[in-house]
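The values are calculated or read from the model by the stated rules, or taken from the named source; none is laboratory data. These numbers were taken from a predicted model, which means no experiment stands behind them. As a convention, Cβ positions derive from the backbone with ideal geometry for all residues, glycine included, and neighbour counts pool all protein chains shown. Surface accessibility is based on the protein's heavy atoms, side chains included, excluding ligands, DNA and RNA. Shrake-Rupley method; radii C 1.70, N 1.55, O 1.52, S 1.80 Å.
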Amino acid sequence: MRPLPFALAVICLLAACGGPAVRYAAPPVPSGSRIGISVSRLEVREVSLPAYAQTEEIWQEFADGSLRSESDTLWADDPSRGVTLELSQHLSALTGARVAAEPWPFEDLPQARLDVRVSEMVAGADGRFRLAGQYYVASYGGGRDRSGDFRVSAPIVPDSGSPGIAAARAAAVRDLARLIASRGI
């Protein structure tokens, strides 16, 4: 047997021995009590994530500050899309406004647009899932534009693994929606 075909066969066999990837969805969490805002129609742009968080892999911070992921532990949805939809759903439930992710699907145009740019999205070594970055609210109807920084976190249940990280992410996104709505849209 020739060495190259044999080596390729062994590599293929070893690759087949690895288990399938496991995917984790952020479970639904209650949005909480109502928060009034100044618009009835809000468009949410796709949330911008840092390069590492754009991948399907679930990233964790270690005590030395490094960020690592496992290629077989993945988010159930594209992270940008998932966070955008979660944020939109919470803002809709919190405010009673018609909220939709871009592109705007309704005939009546939105009154404002929310743009969220995340600089940190990680399961921290401190046992908290952290989201940090900036948000911008552009008003289309002569209202006031707004912007602000944010830093929210939610506890990860000890020894809960990836399901605990997914649950903490869901809580952090909900808390981000509450923060933005309470600061005014």
Kindly list the number of the only condition in (1) within 21 Å of Ala25 (Cβ to Cβ); (2) in contact with a helix residue (DSSP H, G or I) (Cβ under 8 Å, 6 or more places away or on another chain); (3) open to solvent by 10 Å² or more (accessible area, probe 1.4 Å); (4) not basic (Lys, Arg) that fails for Phe129.
-> (3)
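Yes/no per residue for (1) in a strand (DSSP E or B); (2) farther than 23 Å from Ile165 by Cα:
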residue	(1), (2)
Trp59	yes, no
Gly65	no, no
Thr73	yes, no
Pro105	no, yes
Arg130	yes, no
Name the residue, out of Arg68, Arg98, Arg81, Arg117, that is in contact with a Lys or Arg (Cβ under 7 Å, 6 or more places away or on another chain), surrounded by fewer than 18 Cβ atoms within 10 Å (Cβ to Cβ) and not β-branched (Val, Ile, Thr).
-> Arg98
What single numbered condition from (1) among the hydrophobic types (A, V, I, L, M, F, W, C); (2) surrounded by 15 or more Cβ atoms within 10 Å (Cβ to Cβ); (3) farther than 17 Å from Pro28 by Cα fails to hold for Ala154?
-> (3)
For the range 85-111, name all the residues that are within 18 Å of Arg169 (Cα to Cα) and charged (D, E, K, R).
-> Glu86
Can you run down the residue pairs with Cβ atoms below 6 Å, 6 or more apart or on separate chains, where the first is in the range 26-48 and closer than 23 Å to Glu120 by Cβ and open to solvent by 60 Å² or more (accessible area, probe 1.4 Å) and the partner is acidic (Asp, Glu) and assigned to a loop (DSSP other than H, G, I, E, B)?
-> Arg45/Glu102
The lone condition Ala63 fails out of (1) surrounded by 17 or more Cβ atoms within 10 Å (Cβ to Cβ); (2) in contact (Cβ under 8 Å) with a residue 60 or more places away in the chain; (3) not β-branched (Val, Ile, Thr) is (1)
Identify all residues within the range 157-177 that are open to solvent by 30 Å² or more (accessible area, probe 1.4 Å) and either of a type in the set (Phe, Trp, Tyr) or within 15 Å of the chain's Cα centre (by Cα) (or both); write none if there are none.
-> Pro163, Ala167, Arg174, Asp175
